[in-house]
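In what follows, a single structure is set out as structure tokens and then discussed.
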Amino acid sequence: MTTPVSAGTALDAAMLAASRDRDRRRRRALLRETLLALPLPIVTITVPLILAWLLIPGFVLFELLLGVARRRLRPTLLRLAIFAGIVLVAMVAPEKTIDQIEVYPLPTTPITIAAFNARFPSERTLTPIWTDAPSTMIVFSRPRLSLRAFADELSATTGRHARIGTCGNGGSILSGADPMGDGVTLWE
């Protein structure tokens with residue numbers, strides 16, 4: 001009577017070992033597939049924005065179709081979550097181009113926009129300030145500001161929206177928009 005129990009125990013042990021080995025192979029395959037998928041989000045956040053907006057839907061569609069075809073949706077969703085996480089971290093990463101460019105010298109006393117454009121035509125990073133109200137008074141808190149702070153202070157001082165001209169071809173998700181030298185536009 002003890003023989004069938006030990007044979008059953010040996011069979012159970014063999015089945016358990018086979019199951020563990022199968023699980024180990026699945027985990028390794030998942031890790032390998034995930035690691036192979038990592039270069040794409042890194043490339044996506046560094047290429048120009050025009051290409052990134054083409055790569056992202058293409059990658060998502062490819063991954064979903066591949067996951068459905070393989071009938072393995074969980075690993076696909078994990079890779080998509082990692083992809084989305086990398087892109088989101090790049091989007092909120094500090095030190096975008098707009099934060100690195102400095103605008104100086106700026107007047108710390110009140111001045112009209114027309115006088116500002118006439119007085120500082122070539123000494124600033126961006127010229128001129130375009131607006132339909134050149135007699136509007138502006139003032140800056142410091143003589144040297146980042147381009148983003150410059151636009152924010154213009155908006156706060158004038159009560160209008162400030163738009164910095166940018167080029168989508170030179171920007172990326174990681175570095176942000178690429179400012180162009182066509183000035184800052186104020187509108188209501």
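The values are calculated or read from the model by the stated rules, or taken from the named source; none is laboratory data. In this text, all values refer to a predicted model and were calculated from it rather than measured experimentally. Neighbour counts run over all protein chains shown; Cβ positions are idealised from the backbone, glycine included.
Could you check Pro179 against (1) part of a helix (DSSP H, G or I); (2) at pLDDT below 85; (3) not aliphatic (A, V, I, L, M) and say which number it fails?
Tallying (1) part of a helix (DSSP H, G or I); (2) at pLDDT below 85; (3) not aliphatic (A, V, I, L, M), Pro179 fails exactly one: (1).
Residue-by-condition table, conditions (1) at pLDDT below 90; (2) closer than 15 Å to Arg160 by Cβ:
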{"residue": "Ser122", "(1), (2)": "yes, no"}
{"residue": "Thr125", "(1), (2)": "yes, no"}
{"residue": "Asp132", "(1), (2)": "yes, yes"}
{"residue": "Thr136", "(1), (2)": "no, yes"}
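So which pairs qualify, if the first residue must be in the stretch 36-50 and under 14 Å from Ser172 (Cβ atoms), the second must be aromatic (Phe, Trp, Tyr) and assigned to a helix (DSSP H, G or I), the Cβ gap must be under 6 Å, and the two must be at least 6 apart or on different chains?
Between residues of the stretch 36-50 that are under 14 Å from Ser172 (Cβ atoms) and residues that are aromatic (Phe, Trp, Tyr) and assigned to a helix (DSSP H, G or I), the close pairs are Pro41/Phe83.
So which of Ala84, Ala151, Ala156 ends up being under 22 Å from the mean Cα position of the chain (by Cα), at negative phi, in a helix (DSSP H, G or I) and outside the structural domain of Pro39 (by TED's automatic domain parsing)?
Ala151
Spot the failing condition for Ser141; the list is (1) exposed (fewer than 15 other Cβ atoms within 10 Å of the Cβ); (2) touching a residue at least 12 places away in the same chain (Cβ under 8 Å); (3) within 17 Å of Ala177 (Cα to Cα), and only one is missed.
Unmet condition: (3).
Restricting attention to the stretch 32-75, which residues are small (Gly, Ala, Ser) and under 18 Å from Val87 (Cα atoms)?
Step one: filter the stretch 32-75 for residues small (Gly, Ala, Ser), giving 37, 52, 58, 67, 69.
Once the filter is applied, which keeps residues that are small (Gly, Ala, Ser) and under 18 Å from Val87 (Cα atoms), the stretch 32-75 yields Ala37, Ala52, Gly58.
Check the stretch 93-101 and report whether any residue there is surrounded by fewer than 18 Cβ atoms within 10 Å (Cβ to Cβ), in a strand (DSSP E or B) and small (Gly, Ala, Ser). Full working, then the answer.
From the stretch 93-101, those surrounded by fewer than 18 Cβ atoms within 10 Å (Cβ to Cβ) are 93-95, 99-101; that's our starting set.
With the extra rule that they be in a strand (DSSP E or B), the set shrinks to none.
No, the stretch 93-101 contains no residue that is surrounded by fewer than 18 Cβ atoms within 10 Å (Cβ to Cβ), in a strand (DSSP E or B) and small (Gly, Ala, Ser).
How about the stretch 55-72: which of its residues are of a type in the set (A, V, I, L, M, F, W, C) and surrounded by fewer than 12 Cβ atoms within 10 Å (Cβ to Cβ)?
Leu61, Leu65, Val68, Ala69
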